[in-house]
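Below is one structure, written out as structure tokens, with a few remarks after it.
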Amino acid sequence: MNPPSPSDLFGDLFAAVQEGGLFADSKTFADAIPRRAPEAILHEWRTQPPAGDTALAAFVAANFDLPKDEAGVPPDARPLRDHIVELWATLTREPVTPAPGSSLLALPRRHVVPGGRFRELYYWDSFFTMLGLVRSGRQDLVEDMIASFGSLFDRFGHIPNGTRSYYLSRSHPPVFYLMAALSQDRSEAALRERLRWMRVEHGFWMDGEETLDQGGEHRRVVRLADGTLLNRYWDDRAAPRDESWREDVELAQRVPERDAGELWRDIRAAAESGWDFSSRWLGDGRTLETIRTTRLLPIDLNALLFGLERAIAEEANALGDHATAAEFARRADARREAINRHLWNPDAGMFADYDLDLARARDQSTAAQGFALFTGVAPAGRPPAVADAMHGLLRAGGLVTTGDDTGQQWDAPNGWAPLHWVAIEGLRAYGQNALADTIAQRWLAMVSDHYDATGHLLEKYDVEQCRAGGGGEYGTEIGFGWTNGVTLALMQDLD
């Protein structure tokens, strides 16, 4: 049984604190640790309710330990490579044994967190962090993190968005198979265990496929009218996010005509995508009130699941499990065909998300199309067209996430380290080296220049003005795990 989230544990007390705006960041109270049994706190809350904001703040202070502000990363004047290598120690956490009532999930081994308000282990972030760990000679941490992620599969049947109880209802882009490929433990026992974990992940994403009729949908899997199976982002809860409770409640209040549960599930599904938030998911392309994530079959998700299916087939074949290898090779072939039929926009010459309601690939060009090259799902003839489409996203500091400036952080003018790695590696895999090199050089020049001026690496950047990125629900964080990993990897690969 999964541990309860703070909103489950504290009910109307949690809602009152979050909706009362006691903390500027809603994640603060979601990460708080009760000082005594939750039942005792709730009994006092209900029998002697505090009157007014001052009394409520005093009640919270008396009954909860709030997360300490991270010490932060001081500005550094050392060379950029040295800064990144030394920063791993700052971002490394020891094995976790949560305090009673904490939202933290236990982890058996050391791990690297992103930094700032992101105090816990995050799923897709970690692969890009690991790229830098490998190049820093920190294979020990890579192996520890793979083992910790494996423990999450064993306990929960999937890797959650992050290691908090309030993230358990969703996952993140499925990149575990890419992490597994970074392991240097090639013993048969380790290979079999990692293969088992990959199959657990695949089962999580494909849950319900057996019972779907044509045109049917269940959780994260959809069977189209032609019988093909593709996937979408989802969340198993239709409620405000614990870590953004006030924001989600206020959003629903702005659109009373819309079913609040549907709205919140689409918000949560966008959080599962890692792109929280982007015009990709917005019905009108502008406003969060129109979010409709679950009505889209994303190109990045389906490309990664193709990669997962192919990896399972290859690993199973190497271990002599030829029946599993044949099954997953068939699955990968079917998904490749479905992606190239349904998630390809022939008029625009690009891969794009499939709109279930319009029954066609969308017209929006985004950096997500790089995943079709990164995972090898694109046929040989399409990369030049994809390169042309991606060139349209090229700016002074690299690739802009989308061409739309909406105030959301996964839109223009922002660029993100993981999408740069995916695009660069994907373009190189198909021989589009000139564009790959241009993107890498522009990204590295921007990151390096900003580091020289400020002594910091950031979570996201404005690639149009070559400065700190903005937008979204929180400020730009300093640290920062995946920027460190991708930057170091690109620096070494270009040497």
### Summary
Here the tail fraction of P(r) beyond 18 Å, over all Cα-Cα pairs of region 131-234, rounds in percent to 55
### Task
Please work out whether region 254-361 counts as rounded, prolate or oblate from its C-alpha gyration tensor, where a ≥ b ≥ c are the square roots of the eigenvalues and a/c under 1.5 means rounded, while otherwise a/b larger than b/c means prolate and anything else oblate?
prolate
### Message
What's the longest uninterrupted piece of the chain once you rule out the trypsin sites (Lys or Arg not before Pro) that are loop residues per DSSP with at most 15 other Cβ within 10 Å?
### Response
287-495
## Note on the structure
Sorting Gly20, Pro79, Ile33 by the position of each Cα along the dipole of region 1-145 (Lys, Arg +1; Asp, Glu -1; all at Cβ), the one nearest the positive end of that ordering is Pro79
### Mean separation of Cα contacts under 8 Å (6+ apart) over length of region 360-470, as relative contact order %
30
### Helix-only CD estimate at 222 nm, as mean residue ellipticity for the chain, using -39500 (n - 2.57) per DSSP H run (n ≥ 4)
-15000 deg cm²/dmol
### Task
Could you order Leu301, Leu358, Leu229 by accessible surface area, starting with the largest, using a probe radius of 1.4 Å?
Leu358, Leu229, Leu301
### Task
Within the set of other residues whose C-beta is less than 11 Å from the C-beta of Cys466, count the net charge using Lys and Arg as +1 and Asp and Glu as -1.
0
#### Entry: Cα-centre dipole for region 90-171 with unit charges at Cβ (Lys and Arg positive, Asp and Glu negative), debye to 20
220
#### Entry: Kyte-Doolittle mean at least -1.0, axial Cα span of 30 Å or more - DSSP H helices of the chain
433-454
### Query
With the other protein chains left in place, how much accessible area per residue, in square angstrom, belongs to the chain at a 1.4 angstrom probe?
37
#### Entry: Net charge dipole size for the chain [Lys, Arg +1 and Asp, Glu -1 on Cβ; Debye, nearest 20]
620
### His391-Asp284 pseudo-label distance in nm [points 7 Å out on the Cα-to-Cβ vector]
3.6
### Query
On full extension of the chain, what length is gained from Thr454 through Arg93, given 0.36 nm per residue of separation minus the C-alpha to C-alpha distance?
127.4 nm
### Query
Does region 69-153 classify as rounded, prolate or oblate by the C-alpha gyration tensor (a ≥ b ≥ c root eigenvalues; a/c under 1.5 gives rounded; else a/b over b/c gives prolate, otherwise oblate)?
oblate
### Query
Using the beta-carbon distance between Ala359 and Asp25 and R0 = 45 Å, what value does 1/(1 + (r/R0)^6) give for FRET efficiency, to the nearest 0.05?
0.65
## Note on the structure
Counting only DSSP loop positions in region 241-281, the GluC sites (Glu not before Pro) whose Cβ has at most 14 other Cβ atoms within 10 Å are Glu257
### Selected from Leu224, Val175, Ala239, residue furthest toward positive end of dipole (region 167-240; charges at beta carbon)
Val175
### Message
Here are a few candidate values for percent of Cα pairs over 35 Å apart: (1) 31; (2) 24; (3) 42. Which one was actually calculated from the structure I just gave you?
### Response
(1)
### Task
Would you work out if region 354-495 is rounded, prolate or oblate? Take a ≥ b ≥ c from the square roots of the eigenvalues of the alpha-carbon gyration tensor; rounded if a/c is under 1.5, else prolate when a/b is larger than b/c, oblate otherwise.
oblate
### Task
Pop out the carbon and sulfur fraction of the accessible area of the chain as a percent, whole number, probe 1.4 Å.
50
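The values are calculated or read from the model by the stated rules, or taken from the named source; none is laboratory data. Everything quoted here is computed from the prediction, not taken from an experiment. All Cβ positions, even for glycine, are placed from backbone atoms using ideal geometry, and neighbour counts span all protein chains on display. Only protein heavy atoms, including side chains, enter the accessible area calculation; ligands, DNA and RNA are left aside. Shrake-Rupley method; radii C 1.70, N 1.55, O 1.52, S 1.80 Å.
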